[in-house]
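Worksheet: the structure to be examined is printed underneath.
The values are calculated or read from the model by the stated rules, or taken from the named source; none is laboratory data. In this text the structure is predicted, and so the values were computed from the model without any measurement. When we count neighbours, we look across all protein chains shown, and the Cβ atoms used for this are built from the backbone with ideal geometry, even at glycine. Side chains included, ligands, DNA and RNA excluded: accessible areas come from the protein's heavy atoms. Shrake-Rupley method; radii C 1.70, N 1.55, O 1.52, S 1.80 Å.
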Amino acid sequence: PCTVDGSMQQPMRILSASMDKTVIIWEPDKESGVWLEQASVRVGEVGGNTLGFFDCQFSPDGSMIIAHAFHGALHLWKQATVNKKEWTPEVVISGHFNSVEDVKWDPEGEFIISVGSDQTTRLFTPWKRKQETEVTWHEIARPQVHGYDMRCLAMIGRFQFVSGADEKVLRVFRAPKNFIENFSNITGIPMEKLYSHQSSDLPEGATVPALGLSNKAVFEGDVAVQPSEDEETFNTISNQYPEVYFQPLILTEPPPEDHLLQNTLWPEIQKLYGHGYEIFCVACNNSNTVIASACKASKKEHAAIILWSTTSWKKLQSLSFHNLTVTQLAFSPNDNFLLAVSRDRNWSVWGIQDSESGPVFSCCAYTDKNTAVHSRIIWSCDWMPDSKYFITGSRDKKVIIWGQCNLSVTTEGNMLDSIKPCSTVLDAGDSVTAVSVSHVLTPDGRYIVAVGLENGKIILYTWKQSGQEPELADWTTCVEMDNSLSHALAVKRLCWRHHAGRAGHNDQNSSEWLQLASCGADHCVKIFNVNRFAL
């Protein structure tokens with residue numbers, strides 16, 4: 001609307017969105033009355049895997065346009081104040097457009113990475129703006145845009161991760177220089193804190209070759225040159241499917257969708273071959289030296305857990321025990337144990353032992369059909385921060401804490417007898433699909449346990465071994481999140497930030513707040529601030 005001679009008038013405009021990747025504003029010509037193109041917002045989304053726009057909308061005052069694209073992304077443009085025919089891209093919210101399967105915190109607690117069935121791996125971080133006090137989270141990189149549904153990931157240190165998808169290989173990615181620079185700009189964390197001594201030889205970014213699946217590193221001086229227009233270049237296959245060109249950009253705000261697709265990939269540095277079926281879960285130990293992974297399995301020989309070295313990327317060991325898919329793996333905080341839970345309704349604990357060839361894991365405790373407590377698939381597990389107890393959660397609605405684990409008794413047999421249920425059986429009210437234990441205890445020394453259910457609910461409990469006074473309840477229900485905060489479909493993963501404090505806030509080291517990340521089949525990733533003094 002605009003004011004003409006003191007009265008409000010609305011000039012005629014039509015907005016159209018098309019699969020040809022353009023959004024066009026039309027208005028009638030004053031002389032002929034023919035509708036002409038007034039401004040064409042031809043937008044990026046140059047990536048090879050996009051299919052233009054589905055729909056578009058003016059803001060009520062006509063100063064902004066929003067459109068949504070084939071891959072679920074929103075695009076926002078704002079009219080320039082001086083030249084009204086100019087429209088510039090603005091920061092807009094983004095996220096997964098299918099089930100989110102896994103989410104992990106960066107070890108320092110500054111960002112999270114999530115993977116989903118929309119075949120993407122996305123990195124979210126708080127955006128630090130000079131004048132704003134409110135902290136908002138944004139997607140600032142899409143390290144992996146894949147051809148298979150993503151299933152799981154594990155951080156290997158700060159700027160490296162391994163991910164598994166519905167394929168037999170695990171892929172390892174490392175952050176390029178361009179990401180670290182932009183991460184520093186957006187979060188306000190100084191570069192010196194992020195850069196390590198070996199980062200001088202890091203690639204600038206990554207690009208996916210035509211018809212390829214692997215992100216290839218792009219080094220300084222490699223930035224692609226486009227062929228000139230007039231040359232006849234359409235006869236070769238690779239020119240019909242041109243490479244997505246990586247352009248290093250210096251960002252001071254979260255990037256728009258076309259930039260996320262094209263310029264924020266991380267180079268793939270390694271593939272790990274060894275599993276016979278699609279990867280299902282992966283974990284990395286706390287000293288970042290060993291990765292454990294497992295794949296879908298209906299026979300014992302396929303259900304083996306494989307251990308990999310993160311220095312040589314070679315296979316270290318194959319741990320065979322379970323008969324069906326191992327659903328989650330967890331290393332104890334002190335790295336002495338590896339815990340596995342499985343579709344076969346049992347768990348196994350593997351202890352580390354030193355041998356001539358280096359440390360090896362051997363099975364030191366497990367449940368079988370005589371000792372099992374769970375009567376359905378065990379979906380999830382986690383360790384208590386002291387590595388003495390661990391927790392399992394199952395489709396049978398039960399959550400159980402087991403212990404105590406002690407390496408000095410790992411001579412076969414002793415430890416098997418010493419690990420028993422330490423808690424009363426907690427009935428969570430619905431199938432338990434995710435459990436996570438905070439590394440930080442409550443002020444009075446109780447463990448803080450988050451439980452995610454198949455109906456989307458998240459419940460926070462605290463637990464303390466009742467010990468000599470069995471009449472005292474060991475479980476306390478602290479918070480049952482209401483439906484507006486919970487997920488609408490199954491909770492897929494819960495993950496506590498490793499330290500107290502809130503990412504992006506100045507209370508980084510305050511002991512009052514904890515943060516819990518969750519992801520679900522409802523396409524959502526959520527981050528909760530939990531006040532540990534109120535639990």
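Here are some notes:
- Where P227 falls short, out of the listed (1) at pLDDT 65 or above; (2) not assigned by the TED database to the domain that holds Q131: (1)
- Residue match in the range 349-372 (condition: at pLDDT 95 or above and among the small types (G, A, S)): no
- Residues that are polar (S, T, N, Q) and within 27 Å of G147 (Cα to Cα) were ranked within the range 6-40; the one that is modelled with the lowest pLDDT is T22.
- Selected residue (criterion: most open to solvent (accessible area, probe 1.4 Å)) from residues of the range 143-167 that are of a type outside the set (F, W, Y) and in contact with a helix residue (DSSP H, G or I) (Cβ under 9 Å, 6 or more places away or on another chain): R158
- Test: residue in the range 465-480 that is among the aliphatic types (A, V, I, L, M) and open to solvent by less than 70 Å² (accessible area, probe 1.4 Å): yes
- Residue list for the range 106-142, filter: open to solvent by 10 Å² or more (accessible area, probe 1.4 Å) and closer than 21 Å to S438 by Cβ: P107, E108, E110, F124, V135, W137
- Looking only at the range 52-85, and only at residues there that are farther than 15 Å from L15 by Cα and open to solvent by 90 Å² or more (accessible area, probe 1.4 Å), the one that is modelled with the lowest pLDDT: K84
- Within the range 420-464, the set of residues being of a type outside the set (A, V, I, L, M, F, W, C), assigned to a strand (DSSP E or B) and in contact (Cβ under 8 Å) with a residue 24 or more places away in the chain comprises P421, D427, T433, S436, Y447, G452, Y461, T462.
- Any hit, the range 477-496, residues being charged (D, E, K, R), more than 24 Å from G109 (Cα to Cα) and free of Cβ contacts under 8 Å to residues at least 60 places away in the same chain: yes
- Scan of the range 500-524 for residues that are touching a strand residue (DSSP E or B) at 6+ places or on another chain (Cβ under 6 Å), in contact (Cβ under 8 Å) with a residue 60 or more places away in the chain and open to solvent by 50 Å² or more (accessible area, probe 1.4 Å), ordered by number: none
- Residue among V100, V43 that is modelled with pLDDT under 90 and surrounded by 14 or more Cβ atoms within 10 Å (Cβ to Cβ): V43
- Candidates S423, S394 - the one that is among the small types (G, A, S), closer than 20 Å to S466 by Cα and out of contact with any Cys (no Cβ under 8 Å at 6 or more places or on another chain): S423
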